[in-house]
Structure formats: C-alpha cells, structure tokens
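Since the structure comes first, as structure tokens, the remarks are kept for the end.
The values are calculated or read from the model by the stated rules, or taken from the named source; none is laboratory data. Source: prediction; values computed, not measured. Cβ sites come from the backbone with ideal geometry, for glycine too, and all protein chains shown count toward neighbours.
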Amino acid sequence: MKFFENFKFTNLLSKKKIDENLLDKFEELLIESDVGPVMAAQLKDEFKKEKIGKEIKDEKEIFNFLGNQISKILQPYEKSLKKIQKNSPTVVVVAGVNGVGKTTTIGKLGRLYKDEGKKIVFGAADTFRAAAIEQLEVWSKKINVDFIKSDLGSDSASVAYKTVKFAEEKKLDLALIDTAGRLQNKKNLMDEYKKIFKVLQKINSDYPHETILVLDATTGQNAINQVSEFKKASNITSLIITKLDSEARAGIILSICKKFNLPIIAVGVGEKESDLRPFNAKEFTKLMLEN
Ligand SMILES: Nc1nc2c(ncn2[C@@H]2O[C@H](COP(=O)(O)OP(=O)(O)OP(=O)(O)O)[C@@H](O)[C@H]2O)c(=O)[nH]1
Ligand SMILES: [Mg+2]
C-alpha cells in the first residue's frame, strides 16, 4: 500500500469518522496520483456520498472503496487482444511519441500472436533512425517472423504499403507496422504519419484495422495531449500502456479512457518479450494503488 505512505490517514482517522478534513486529504492523494482534478473531485464526491459521517474501521476500508470505484470506471475499457485478429491479414499500426515503447510492444505482440500460431510480418515504417530499423529487425529474428524494411530516410508510408502487400500476397494473419516516435506537436512529422493511413486506405478502405496508441505510464498529464493530437491525425482504436513495472501510478488512464472513450488492450510490465499482459481493470487498479 505504498499509495498511502505519504498520507497519514491514520491520524485523521483517529475519530474513526470521515469528515471534510479527511475528504480533502483523499482528493489531494488522488491528484498526486495523476488522476486529474475532475476525476479526483468525482471520486471524492462518491466517497462522500457513501461514507461521510459513518464510522469506518481502518485505512483499508478507504483503500477498498477507492479500488472498487476505480475498477468500476475502468471495466468498460477492457478490450481483448483476441479482438484484433479477425481479418486476413489484420493490419495494425502502432503509434506514439518518442520512447514510449512502440517497437518493444510490437516485439511483445509478435511473440504473443506467434505463440498462437499466427503468421506475422513486422514493417519498419520508422525510417528516421537506422537503429530503429535494426531494433525491429532484431525482434523479428528473435521471434522468427517476416520483416519488411526500406532504406534509412525513405518514405515511411511506402514501407507500410510494402508490408501490407507482402502480408496479402503471403496470406499472413497479421501485419504490425512500427512508426517513428514523433512529437505530437511537430506538424511535418504528423503529416508523414497521416500519409501512412492515406496509403493504407488506398489498398483497402478497412486498413488499418487497428491503430494502437502506446502511452508510457510515467508520462503524467501530458498523455492527454498525446491522445488528443494522435486522434486528430488518425483513427486511434486502442491504447497500450507501457512501463507499469515502474513506480508510475498512471492515474491519468482513468481520465483518458473516459474523455476519449478508448479501450486498453494490453499493458507492458517490463522490457522482455513476455512482459505484455491483457488489460484487466481490477489488476490495473491494484497495481495503481500499490505503486
Ligand atoms: N520497464 C519497462 N521498459 C519498457 C517497457 N516497454 C518498453 N520499455 C523500454 O523503453 C525503452 C524505449 O522502448 P522502445 O520500444 O524503443 O520505444 P519506442 O517508442 O519504439 O521509441 P522510439 O522509436 O525511439 O520512439 C526501451 O529501453 C525499452 O526496453 C515496459 O513495459 N517496461
Ligand atoms: Mg521505436
């Protein structure tokens, strides 16, 4: 229960009753967890409605109440990883700002679907850095899936095109397309990004079936801007939250799911290929409160 460490509820609970003083502390705690002021106020109100003036046993009761509320908020946003394998090929673009874990996540997704017997190709549409192409190539070899790349600095949309065409010709199940980490506020980079979708949609108007935005759990409030900008440039269909093995509480996820009505299909809990988990509201809440 690290979540509570800095908050001496015990002192406030000496009277064993929840009063305004304790409610303020409760709200403060939520804001510090990056839940955002609106969500914190809402959770505080719910807490107040149910518990004010009532006797409570101990801190655990507050903890459990909060856990239940948060998990209830998140439950509608659980999306199964199985949902993204309906088509042949299923085309998936993975997007996000620099360093959030896009390439690693593609490796992990590849591992997962490969283990289910799917035929997969990775497309290195991050053509800005040689290291980025190599990084994905290493993953493709490790997992033993097909890999499509182009020269450094070449058009990323053309790599996406080649990847999908390859998947169609070889009758693969899944094409996972990596994109360059970009600042969501850099117009030329976002234009490049948009071109990927234009090109894919020309092949088939259903492409891509999924556009996953990867968010780093340690980001905080800026994650909202990231979702907002990427949503403007593309039809984001799901989120993956990485680095939940860190100290981050990722409270911002609550506001994001609600504000943008976006489901979460998985969470990253480490750097290894097996460190991807389906998103489960209850488990996520536990992690959030225990961090
Ligand atoms: N602890 C932890 N580290 C992660 C996780 N996911 C990715 N990383 C690490 O985060 C760093 C960046 O990961 P990348 O996959 O290269 O991120 P990216 O979004 O592709 O980065 P760019 O292509 O540079 O934009 C690497 O050191 C990864 O090992 C995770 O779930 N937990
Ligand atoms: Mg990358």
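Of everything in the range 237-247, what is touching a helix residue (DSSP H, G or I) at 6+ places or on another chain (Cβ under 9 Å) and buried (at least 19 other Cβ atoms within 10 Å of the Cβ)? Give them in sequence order. Correct list: Thr237, Ser238, Leu239, Ile240, Ile241, Thr242, Leu244.
Yes/no matrix, rows are residues, columns are (1) away from ligand 1 (no atom under 15 Å from the Cβ); (2) touching an Asp or Glu at 6+ places or on another chain (Cβ under 7 Å); (3) among the charged types (D, E, K, R); (4) in the same structural domain as Asn98 (by TED's automatic domain parsing):
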residue: Glu137; (1), (2), (3), (4): no, no, yes, yes
residue: Val145; (1), (2), (3), (4): yes, no, no, yes
residue: Lys165; (1), (2), (3), (4): yes, no, yes, yes
residue: Arg182; (1), (2), (3), (4): no, no, yes, yes
residue: Asp191; (1), (2), (3), (4): yes, no, yes, yes
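Evaluate the range 106-117: report whether one residue or more is hydrophobic (A, V, I, L, M, F, W, C) and more than 21 Å from Lys83 (Cα to Cα). No, the range 106-117 contains no residue that is hydrophobic (A, V, I, L, M, F, W, C) and more than 21 Å from Lys83 (Cα to Cα).
For (1) more than 23 Å from the chain's Cα centre (by Cα); (2) closer than 22 Å to Lys231 by Cα; (3) crowded, with 23+ Cβ neighbours inside 10 Å, each residue gets a yes or a no:
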| residue | (1), (2), (3) |
| --- | --- |
| Gly96 | no, yes, yes |
| Lys108 | no, no, yes |
| Lys119 | yes, no, no |
| Phe122 | no, no, yes |
| Ala131 | yes, no, no |
| Gly153 | yes, no, no |
| Val164 | yes, no, yes |
| Gly181 | no, yes, no |
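The residue pairs whose first member lies in the range 194-223 and is closer than 15 Å to Leu174 by Cβ, whose second member is assigned to a helix (DSSP H, G or I) and of a type in the set (S, T, N, Q), and whose beta carbons are closer than 7 Å, counting only pairs six or more residues apart or on different chains, are Tyr207/Gln201. Against the definition (in the same structural domain as Leu112 (by TED's automatic domain parsing), under 13 Å from the mean Cα position of the chain (by Cα) and closer than 20 Å to Thr104 by Cα), how does Ile212 come out, yes or no? The answer is yes for Ile212. Looking only at residues of the range 183-209 that are hydroxyl-bearing (Ser, Thr, Tyr) and more than 16 Å from ligand 2 (Cβ to nearest atom), we find that the one that is surrounded by the most Cβ atoms within 10 Å (Cβ to Cβ) is Tyr207.
Among the residues making up the range 260-291, those that are surrounded by fewer than 20 Cβ atoms within 10 Å (Cβ to Cβ) and polar (S, T, N, Q) are Asn261, Ser274, Asn280, Asn291.
Please tell me if Lys72 is away from ligand 2 (no atom under 16 Å from the Cβ) and either under 21 Å from Gly251 (Cβ atoms) or not acidic (Asp, Glu) (or both). Against the criterion (away from ligand 2 (no atom under 16 Å from the Cβ) and either under 21 Å from Gly251 (Cβ atoms) or not acidic (Asp, Glu) (or both)), Lys72 qualifies.
Residue-by-condition table, conditions (1) within 13 Å of ligand 1 (Cβ to nearest atom); (2) in a loop (DSSP other than H, G, I, E, B); (3) touching a residue at least 24 places away in the same chain (Cβ under 8 Å):
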site: Asn225; (1), (2), (3): no, no, yes
site: Ile241; (1), (2), (3): yes, no, yes
site: Ala250; (1), (2), (3): yes, yes, yes
site: Lys259; (1), (2), (3): no, no, yes
site: Ser274; (1), (2), (3): yes, yes, yes
site: Lys286; (1), (2), (3): no, no, yes
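Consider the range 261-272 and keep the residues that are among the β-branched types (Val, Ile, Thr) and either assigned to a loop (DSSP other than H, G, I, E, B) or closer than 20 Å to Leu30 by Cβ (or both). The one that is farthest from ligand 2 (Cβ to nearest atom) is Ile264.
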